[in-house]
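K.L.:
Following this message is one structure expressed as structure tokens.
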Amino acid sequence: MPDPQGFTDDTVFELQRHFRFQWEPAQQAFVLLYPEGMVKLTGSSGEIMKRVDGKLSVAGIVEDLQKAFPGADLRGDVIGFLEHVHGKGWIRTRQAG
Amino acid sequence: MEKAGSVPGRPGNPLWLLAEVTYKCPLHCVFCYNPVDYARYGDELSTADWLRVLRQGRELGATQLGFSGGEPLMRDDLEAMVAEARRLGYYSNLITSGIGLNEKRIAAFKEGGLDHIQLSFQDSTREMNDFLSSTKTFELKQKVAKLIKKYDYPMVLNCVLHRHNIDHVQQILEMAEAMDAEYVELANTQYYGWAYLNREQLLPTREQLRRAEEVTNRFRERVGKKMRIFFVVPDYYEDRPKACMNGWGAVFLTVTADGLALPCHEARMLPGLTFPNVRSHDLDWIWYDSPGFNAYRGDAWMKEPCRSCPDKTKDFGGCRCQAYMLTGDATSTDPVCGLSPMHHLVTDVVDRAQNPAQRVEVKPIVFRDDKNSRALSKTPG
């Protein structure tokens, strides 16, 4: 089922079914793998996606990133990126069970 | 996937490893792209060879792995390869007719970490009545489809279209819907291997194509996002060539059943090139240094009209094997291209296909089987 359009600070995302996220030494980048395809997630996009683990809420992701990269205001970037990849269907809100 | 272009200097790493683990197949499809002389290449790689190939592919940076063939399920060590693929970090795809897939095997694939299964309809002319009357084939597919669902794989169906089944796209799509398919690829035959041998018999008419696309579009509108349908037109009906393999030696590395490493699964046919075998060379040398993989990288090999064409970085002049098969010269422009001086080689065949009366069926359709392959292995060319 499609997720509702909006999400809040409390929303918890997880990877879409059949997607896999991993570090690629040959690319020196995080990648997202899915049936017959791959996207490279460089820089901040990789750092954000790393935290989309089905446990951290949106606010939790922002907080964790602020800790890792102090001084930067990341909230807007995180929300924008999550909106983008949610729209693409790479992540979904955590499913019950 | 990332686009790779004609990059001067060191090429990028391969992203796809295609493991054609066997040429053995229980089916006899007339549109098969396997080499017609596959009977000569029965000396299959061992399990240890394949595990080494998988490891070397990962070291090179390949992330996607395709198990195909032949029918990959004919190898009883596929489970071991699947498990090793997962350990190495591949995203692995099994391309199968489903014949030989039972619960024990799919459970082992799941356990081993197989990511994805693409199920093909084994429709061929010999089996067509059965296929279209939805009896035996449908039952087998239904059984396999249930297993695929049960083990939480996406349901991805592929059906190769040609003159003899393209008018049944509606039934094919209904069958796919009844199986809860999430993705359906209706791929018109590409004319290589056995399909090239049977080209005159398989090429649909323009009118057949138009109707099939119309049916597909109507079906798409009705089912919406529930089922994604891809319709691939035969390139003979295009006037720009396909960006074959996304460029020679740019993305794909194929290893055949007998260990030959190829930039595409058809390249074995090209004259004047020797391709390395994984029994005697490692994939790193094969990919970066072997003459075969470097033969058509970049654009230095191109002739006019490709050389000065602004599209050369988009389509790389089309398919080298098709250029060779149709013109006798692998460095010429793929004659599918409207700019090719030999475009008529394609349009003549297309014109003949429009009028069945003009199609002189001098030779019967040739089924892909061992006997025919042995016979074709003896005839040169």
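Computed from the coordinates by the stated procedures, all read-outs in this text should not be read as laboratory data. Small disclaimer: the values here were computed from a predicted structure and weren't measured. Reconstructed Cβ throughout: ideal geometry from the backbone, glycine too, with neighbour counts over all protein chains shown.
K.L.:
Enter the per residue convex hull volume of the range B:13-74, computed from alpha-carbon coordinates, in Å³ rounded to the nearest integer.
P.N.:
97
K.L.:
So how strong a dipole does the protein assembly as shown carry about its Cα centre when Lys and Arg Cβ are +1 and Asp and Glu Cβ are -1, to the nearest 20 debye?
P.N.:
360
K.L.:
Per the Cauchy relation, a quarter of the hull surface: what is the mean projected area of the convex hull of the alpha carbons in the protein assembly as shown, in nm²?
P.N.:
24.2
K.L.:
Using a Gaussian network model on chain A with a 10 Å cutoff between Cα atoms, which of A:85, A:58, A:12 fluctuates the most?
P.N.:
Of A:85, A:58, A:12, the Gaussian network model singles out A:85 as fluctuating most.
K.L.:
Could you give the radius of gyration (one decimal) and Dmax (whole number) of the Cα atoms in the range B:1-118, in Å?
P.N.:
Computed over the Cα atoms of the range B:1-118, radius of gyration and Dmax are 15.1, 49 Å.
K.L.:
Over the alpha-carbon set of chain A, divide Rg by the Kirkwood Rh and report the Rg/Rh ratio to two decimals.
P.N.:
Numbers: Rg = 13.1 Å, Rh = 13.8 Å.
Answer for chain A: 0.95.
K.L.:
Let me ask something else about it. If R₀ is 41 angstrom, what is the calculated FRET efficiency for the pair residue B:308 and residue B:369, using the beta carbon separation as r and rounding to 0.05?
P.N.:
Working: r = 46 Å, r/R0 = 1.12.
The value I calculate is 0.35.
K.L.:
Output needed: percent of Cα pairs per 20 Å distance bin for chain B, bins running from 0 to the one holding the longest distance.
P.N.:
27, 61, 11
K.L.:
Along the Cα→Cβ direction, 7 angstrom out, place labels at residue B:142 and residue B:40. What is the inter-label distance in nm?
P.N.:
Distance between label points: 4.5 nm.
K.L.:
Follow-up question, since we're still on this one. For peptide A:21-29, what's the mean number of Cβ atoms from other chains within 10 Å of each residue's Cβ? The partial results should precede the final answer.
P.N.:
On the way: counts 0, 3, 1, 5, 4, 10, 6, 0, 0.
Partner Cβ neighbours, averaged per residue: 3.
K.L.:
Note down the magnitude of the dipole of the range B:1-106 about its Cα centre, charges +1 on Lys and Arg C-beta and -1 on Asp and Glu C-beta and zero elsewhere, to the nearest 20 debye.
P.N.:
My answer is approximately 340 debye.
K.L.:
Oh, and also: State, to one decimal in nm, how far the label point of residue B:239 lies from the label point of residue B:348, with both points 7 Å from Cα in the Cβ direction.
P.N.:
A separation of 2.0 nm, rounded to one decimal place.
K.L.:
When only Cα pairs under 8 Å and 6 or more residues apart are kept, what is the percent relative contact order across chain B? Show your work: numbers first, answer last.
P.N.:
Working: 687 pairs, mean separation 82.7, N = 381.
Relative contact order for chain B comes out at 22 percent.
K.L.:
For the pairs B:24/B:371; A:88/B:149; B:141/B:371; A:55/B:150; A:40/B:225, note any where the Cα-Cα span goes beyond 21 Å.
P.N.:
Numbers: B:24/B:371 13 Å; A:88/B:149 24 Å; B:141/B:371 28 Å; A:55/B:150 26 Å; A:40/B:225 26 Å.
Exceeds cut-off: A:88/B:149; B:141/B:371; A:55/B:150; A:40/B:225.
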